[in-house]
Amino acid sequence: MSLVQMENVIKTYKVGDVEVQALGGINLSLEEGKFISFIGPSGSGKTTLLNLVGCLDKPTQGTITIMGTDTGTMDRKTAARFRGENIGFIFQNFNLIPVLTVYENVEYPLVIVRRVPKENREQQVMQVLESVGMADQRNKYPNQLSGGQKQRVAVARALVVEPKIILADEPTANLDHATAYKVIHLMHELKRVFNTTFIFATHDPRIVEEAEIVYTIEDGCIVDSRKQSNSSKERK
Ligand code: ADP
Ligand code: MG
């Protein structure tokens, strides 16, 4: 069984009387435990596709099956629960909560989504903070961190609920070259440790280099897919 299966997925947005077709019939099957990247020009449909996989939105036509569940039939509440249990998000702007410390930002999904009792949370939070190298910064606030450190906290926050899938929309867009490389490398490493599937939308050639599978999307359609064996996994 594939992790994510998309069949004839069409997404149109209605803006006033005008319909914009963002995705024009996507057929895809994504495997578990891979580092997958969608590349394509701005406006090609990358974010739309990630939002559909993340159950943040529904296709206009077609079906999306995630781990055997047809996500199109879910109501809002069911979709929210499914998302909380299975999917993590990493954003371009990090989206950390400014009034919470590093520790509290990572703890947050365990409180809100998973309702893990307090006595069990500390170990889980510290474990992921250590895996991203941010344990010693746990009492700092986001505005005291560099961009790379913020994104590492965001990675920890996505990982803490041990999701099957992490969706990352342009995660390195606001990072300098060296920092972006380190963050990507870290994610690749975490993919191996946690067997989490990472799905990126990016323009960033550094991510594309690391990806095991690269899909090119243009005008809402997949125009190319290729497997790469030169990812860091093999290079080691
Ligand atoms: P990308 O992430 O590759 O830049 P998007 O998925 O954001 O592309 O957008 C694909 C197309 O859908 C674009 O033409 C965009 O203008 C349109 N679009 C995206 N989101 C919306 C929306 N909420 N309402 C109307 N049109 C949208
Ligand atoms: Mg986008």
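The values are calculated or read from the model by the stated rules, or taken from the named source; none is laboratory data. In this text, all values refer to a predicted model and were calculated from it rather than measured experimentally. All Cβ positions, even for glycine, are placed from backbone atoms using ideal geometry, and neighbour counts span all protein chains on display. Each accessible area value is taken on the protein alone, full model and side chains, heavy atoms only, with ligands, DNA and RNA left out. Shrake-Rupley method; radii C 1.70, N 1.55, O 1.52, S 1.80 Å.
For this structure, a couple of remarks:
- Which numbered condition Ile90 misses (of (1) assigned to a strand (DSSP E or B); (2) surrounded by fewer than 17 Cβ atoms within 10 Å (Cβ to Cβ); (3) touching an Asp or Glu at 6+ places or on another chain (Cβ under 9 Å)): (2)
- The single condition from (1) in contact with a Gly (Cβ under 8 Å, 6 or more places away or on another chain); (2) assigned to a loop (DSSP other than H, G, I, E, B); (3) within 16 Å of ligand 2 (Cβ to nearest atom) that Pro163 fails is (3).
- Of everything listed in (1) within 16 Å of the chain's Cα centre (by Cα); (2) basic (Lys, Arg); (3) away from ligand 1 (no atom under 16 Å from the Cβ), the single unmet condition for Lys77 is (1).
- Qualifying positions in the stretch 48-58 - more than 20 Å from Thr216 (Cα to Cα), in contact with a strand residue (DSSP E or B) (Cβ under 8 Å, 6 or more places away or on another chain) and more than 10 Å from ligand 1 (Cβ to nearest atom): Cys55
- Verdict on Ala201 being part of a helix (DSSP H, G or I) and either more than 16 Å from ligand 2 (Cβ to nearest atom) or at pLDDT 85 or above (or both): no
- Test: residue in the stretch 212-225 that is closer than 30 Å to Ser29 by Cβ, modelled with pLDDT under 95 and under 14 Å from the mean Cα position of the chain (by Cα): no
- Looking only at the stretch 169-194, residues that are within 16 Å of ligand 2 (Cβ to nearest atom), open to solvent by 20 Å² or more (accessible area, probe 1.4 Å) and not in a strand (DSSP E or B) come to 3 in all.
- In the stretch 24-55, the residues that are more than 21 Å from Pro171 (Cβ to Cβ) and in contact with a helix residue (DSSP H, G or I) (Cβ under 8 Å, 6 or more places away or on another chain): Ile26
- Filtered residues of the stretch 130-154 (kept if at pLDDT 95 or above and hydrophobic (A, V, I, L, M, F, W, C)): Met134, Ala135, Leu145, Val153, Ala154
- Across the stretch 195-227, the number of residues qualifying as crowded, with 17+ Cβ neighbours inside 10 Å and without any contact (Cβ under 8 Å) to a residue 60 or more places away in the chain comes to 1.
- Whenever a residue of the stretch 28-47 is within 16 Å of Cys221 (Cα to Cα) and among the polar types (S, T, N, Q), its partners that are open to solvent by 10 Å² or more (accessible area, probe 1.4 Å) and part of a strand (DSSP E or B), lying with C-beta atoms within less than 6 angstrom and at least six residues away or across chains, give the pairs Ser29/Gln5; Ser44/Glu218; Thr47/Asp169.
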